[in-house]
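Student: Following this message is one structure expressed as structure tokens.
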Amino acid sequence: MPADTIGERTFCCGGGGGLLTDDLMELRVKGAMPRMTALRDVVEGQGVTHMVAICAICKAQFTKVLPYYASRWIS
């Protein structure tokens, strides 16, 4: 991923700050867009096949939003 999107400058997953509820799914999907765009870039550009998330909130968020984004990437 670009150097300005990792480490101390990483993007939030979009599910933190109390947003990790299905009632706010539209907001969560929008909040995840920068991270999902960066993920798509490395999948398409570098052939990445796996993603690791150390944060439990990120894991829960990605489980919900990855299907949304993947369905749009494949179309």
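The values are calculated or read from the model by the stated rules, or taken from the named source; none is laboratory data. It should be emphasised that the depicted structure is a prediction, and the values quoted were computed from it without experimental measurement. A quick note on method: Cβ atoms are made from the backbone with ideal geometry, for glycine too, and the neighbour counts reach across all protein chains shown. What goes into the accessible areas is simple: the full protein's heavy atoms, side chains included, and nothing from ligands, DNA or RNA. Shrake-Rupley method; radii C 1.70, N 1.55, O 1.52, S 1.80 Å.
Student: Quick one: in segment 51-66, which of the residues that are open to solvent by 80 Å² or more (accessible area, probe 1.4 Å) and without any contact (Cβ under 8 Å) to a residue 40 or more places away in the chain is farthest from residue 4 (Cα to Cα)?
Tutor: Step one: of segment 51-66, the residues open to solvent by 80 Å² or more (accessible area, probe 1.4 Å) are 52, 54, 59, 63-64.
Still in the list and also without any contact (Cβ under 8 Å) to a residue 40 or more places away in the chain: 52, 54, 59, 63.
Values: 52: 18, 54: 19, 59: 22, 63: 24 Å.
Selected residue: 63.
Student: Output yes when any residue across segment 41-48 is assigned to a helix (DSSP H, G or I) and of a type in the set (A, V, I, L, M, F, W, C), and no when none is.
Tutor: yes
Student: Name the one entry in 10, 21 that is at pLDDT below 85 and not aromatic (Phe, Trp, Tyr).
Tutor: Of the residues listed, the single one that is at pLDDT below 85 and not aromatic (Phe, Trp, Tyr) is 10.
Student: Which numbered condition trips up residue 48, out of (1) surrounded by fewer than 12 Cβ atoms within 10 Å (Cβ to Cβ); (2) more than 13 Å from the chain's Cα centre (by Cα)?
Tutor: (1)
Student: Moving to a separate point now. For segment 15-45, name all the residues that are of a type in the set (Asp, Glu) and either open to solvent by less than 50 Å² (accessible area, probe 1.4 Å) or touching a strand residue (DSSP E or B) at 6+ places or on another chain (Cβ under 9 Å) (or both).
Tutor: Scanning segment 15-45 gives no hits.
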